Every structure is written in structure tokens, then in C-alpha cells.
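Structure, as C-alpha cells:
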């Protein structure tokens, strides 16, 4: 059986949040510089505009992915017991089936119930 601990998932979530916060800060600084250039009347190159738009799209996709991962974490977290641990019953079921299969093979006992 596999034991799921909340600490590992929380650490991963914290890492994702920190990474996305850094990306957002960087993106905001880039857009502020971009906006200042536009307001100052500087000529903006089409490639520069397109690159900023592409970066924004990538960031939005990354944010959506992170949001999905955090939702998955929250759903998994609800299955964690009050003392902070839970059993992965799907994996345990698979391990039991494998053990039964090995018993069938080794013992040639015929049918063993699932």
C-alpha cells in the first residue's frame, strides 16, 4: 500500500504558486515598460507587440494549468484523514490483484476470486 502525506503535495503547491507569482511579477514589469514606451510615443515594432501577446498567452495557459493542479490537490486533500494521512485505495487494490495473480500462478490452485 502507498501512504499519501499532505506535506509533499503542499510543498509542490507552494512551489507552483511561488513560480507563478514570479512569472506574473516579471510579466507585469515587462508590460509596464512596454506601456511607458507606447505612452512616450516611441514606435513599437510589430514583432515586439506580437512577442508580448504570445508571452501573455503562454502565461494564461500556465496559470490555467496551475489552477487545475491546485484543484486536483484540493480534491485529493479532502480524502486525507484528520491525522494527516490517507491510503491510496486504488493502488492497494491493484497490489492485491497482483498478489492474487502471483498466488494463482505459483500454486496452480485454479480460480481465486477477485
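Points worth noting:
- Entry remark, segment 34-52: residues being exposed (fewer than 10 other Cβ atoms within 10 Å of the Cβ) and either touching a residue at least 12 places away in the same chain (Cβ under 8 Å) or part of a helix (DSSP H, G or I) (or both) number 3 in total.
- Criterion: at pLDDT below 75 and over 27 Å from residue 20 (Cα atoms) - qualifying residue of 107, 101, 79: 107
The values are calculated or read from the model by the stated rules, or taken from the named source; none is laboratory data. Please read these numbers as outputs of a predicted model, since none were measured by experiment. Here Cβ is always computed from backbone atoms with ideal geometry, including for glycine, and neighbour counts include all displayed protein chains.
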